[in-house]
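A short worksheet on the structure shown next.
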């Protein structure tokens, strides 16, 4: 791998990484979608900023979850977004991998030999409503009773029905661009709810008609964050990725993932959770658990010091469980 551009004298940083990394292009793996490639581009730009001249090759990997067009629970849940990528990383076909943290399950142990060495700074976590081209509607409030709303997330479905139980919320899976194409050409639904940050990443934010408030649509744990995973044994790659890590986001993810692990939610669990840093420097964590129709839910919101992210996540989970979260989650499981 060529770290130093031709004709340039190596800097100490360049010389260090030349010795610490493989003598070839670093292979970064991820899903095949437009969004995954956009996230990978961001990670590659960050890596080459700290190690100028670094060669990085993106390796797209077709996952079971992307190939399957039905309900993910039929095949084992969200972990299928990671299964093939984790395998490629463990056997050395790639050196690092990008994952959307909202797709990393909370009830499945991650391989012990792998580590999330970096998290990117969080994007906008709000959800947005998109209507077919030429639609006469501009917001969810304008839709008539019985209108069809498409989403792939049980979390979104529960919260939509909580506010508008008269709507018909249907499963609508797929990557962002194909979903928008289906929306416009096939008119299967009257609107879609998609992640605002994801739309922006693929250059489709101009399609947004309505941005939903956090009160109306609490995000998924890990929303808006890309995690970069590698093998623990590859110390040079771990160190490189640690240099692009965003510490505040890592702290937020620790609180949210602790909450998710403690709740032991499965892929059919409508769970929402969001941590941020307040103006006075405290960590704020909201956790919510819903029944599938949104009619029953548990809510918890607590604050703590930035050095107590783990404790905050555990406390909010315990508070939710005191409010019957386990029974709500059990009721969402498909047998």
The convex hull of the Cα atoms of region 252-332, divided by residue count, gives a volume in Å³ per residue of 73
Stretch residue 327-residue 87 to full length: gain in nm at 0.36 nm per residue minus the Cα-Cα span? 83.0 nm
Could you work out [θ]222 nm for the chain from helices alone, using -39500 (n - 2.57) per DSSP H run of at least four and dividing by all its residues? Round to the nearest 500 deg cm²/dmol. -10000 deg cm²/dmol
Can you give the three extents of the C-alpha atoms in region 189-335 along their principal axes, from longest to shortest, in whole Å? 49, 41, 40
Which semi-axes, in whole Å and largest first, does the equivalent ellipsoid of region 71-204 have when worked out from the alpha carbon gyration tensor as the square roots of 5 times its eigenvalues? 33, 16, 14
With the chain treated as a Gaussian network of Cα nodes joined by springs under 10 Å, which of 279, 186, 141 yields the largest mean-square fluctuation? 279
Can you work out D for region 127-211 in µm² s⁻¹ from Stokes-Einstein, where Rh is the Kirkwood radius over C-alpha pairs, the temperature is 25 °C and the viscosity is 0.890 mPa s? 193
DSSP-defined beta bridges in region 127-211 - what % are antiparallel, rounded to 5: 55
Working out 0.36 nm times the residue gap between residue 211 and residue 45, then minus their Cα-Cα distance, what length gain in nm do you get to one decimal? 56.9 nm
Each label sits 7 Å from Cα toward the beta-carbon; between residue 293 and residue 280 the label points are separated, in nm, by 4.2
Two-site label geometry, residue 107 and residue 64: point separation in nm, points 7 Å out along Cα→Cβ: 1.6
Among [x] 22.2, 72; [y] 20.9, 64; [z] 20.7, 68, the entry that matches Rg and Dmax of the Cα atoms in Å as calculated here: [z]
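Quick note: the coordinates plus some simple rules give every number you see, no bench work behind them. What you see is a predicted model, and the numbers here were worked out from it, not measured in a lab. Every residue, glycine among them, receives a Cβ derived from its backbone with ideal geometry; neighbour counts consider all protein chains shown.
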